[in-house]
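The values are calculated or read from the model by the stated rules, or taken from the named source; none is laboratory data. Because the structure is predicted, anything quoted here is derived from the model rather than measured. Reconstructed Cβ throughout: ideal geometry from the backbone, glycine too, with neighbour counts over all protein chains shown. Side chains included, ligands, DNA and RNA excluded: accessible areas come from the protein's heavy atoms. Shrake-Rupley method; radii C 1.70, N 1.55, O 1.52, S 1.80 Å.
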Amino acid sequence: NECMENLRTTAMEKLVNDFGSDNPQYLETLKNLIVQGMIKLLEEEVELKVREEEVDIVKGMLDECEAKYSEIMLEETQREYSTKLSVIEDMFLKDDEGGKSGGIVLYAHKRRIVVSNTLEDRLNLVFEQELPALRSGLFPKNPRESGTQ
C-alpha cells in the first residue's frame, strides 16, 4: 500500500508541477473537462467553480465550451441542446477539493447537483481502474508461486 500511495503522490506532484494555468495543454484539458461535465448534467444552466487565478481564463472559454457541447449533443442525439455557463465569483476551488492540480466543479439546480471534474478526481479514477495492472507491474508474480517452473 505504501508503494502504491507513493506512486499516486508522485503522479499528483507531476500533474501540479507540469500542468499549470499557462500550459496550453492544460487549457485544452480544462475545456474538455467543462464539456464532459455539461454532458453529465444535461442542464440548461450550469455554474462553474474554478481556482481563483483561473476565473478570467475560464470566462474567456465559456462561449467555446457552450458551442462544443451543443455540437456534440446534436451529433450524438440529433436533438438541439444548449447550456448557459457562468463562473462562480464568490467561491473558489480550494486545494483540498482538487484545486491544487486544477480542473473544475460544475453545479446545477441552485448548487444542489454537483459534478466534480478536477484533475485529482480523474487521476484517482484512473488509479483505481488501473490498480490491478499497477500492482502486477510493481510486484510481478514469482514463477514458483504460480505452479510453473
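Observations
- Number of the exception - Y69 against (1) of a type in the set (F, W, Y); (2) modelled with pLDDT under 95; (3) crowded, with 19+ Cβ neighbours inside 10 Å: (2)
- Residue check, K40 touching a helix residue (DSSP H, G or I) at 6+ places or on another chain (Cβ under 9 Å) and either modelled with pLDDT of 95 or more or not in a helix (DSSP H, G or I) (or both): no
- Scan of the stretch 90-111 for residues that are open to solvent by 10 Å² or more (accessible area, probe 1.4 Å) and over 15 Å from the mean Cα position of the chain (by Cα), ordered by number: D90, M91, F92, H109, K110, R111
- Residues within the stretch 30-62 that are out of contact with any Cys (no Cβ under 6 Å at 6 or more places or on another chain), of a type in the set (V, I, T) and open to solvent by less than 40 Å² (accessible area, probe 1.4 Å), tallied: 4
- Close contacts from the stretch 80-97, counting a first residue that is over 30 Å from E13 (Cα atoms) and a second that is exposed (fewer than 12 other Cβ atoms within 10 Å of the Cβ), with Cβ to Cβ under 8 Å and a gap of 6+ residues or different chains, come to S82/E44; T83/E44; K84/E44.
- Of the residues contained in the stretch 11-23, one or more are found to be in a helix (DSSP H, G or I) and loosely packed, with under 12 Cβ neighbours inside 10 Å.
- Test: residue in the stretch 121-137 that is in a strand (DSSP E or B) and not basic (K, R): no
- Failed criterion for R111 (all others in (1) more than 30 Å from N1 (Cα to Cα); (2) touching a helix residue (DSSP H, G or I) at 6+ places or on another chain (Cβ under 9 Å); (3) in a loop (DSSP other than H, G, I, E, B); (4) among the basic types (K, R) hold): (2)
- Cross-chain or 6+ apart pairs with Cβ under 7 Å, the stretch 100-117 first and under 19 Å from E89 (Cβ atoms), then of a type in the set (A, V, I, L, M, F, W, C) and assigned to a loop (DSSP other than H, G, I, E, B): G102/F19; I104/V50; V105/L93
- Boolean, M61 is part of a helix (DSSP H, G or I) and closer than 16 Å to G102 by Cβ: yes
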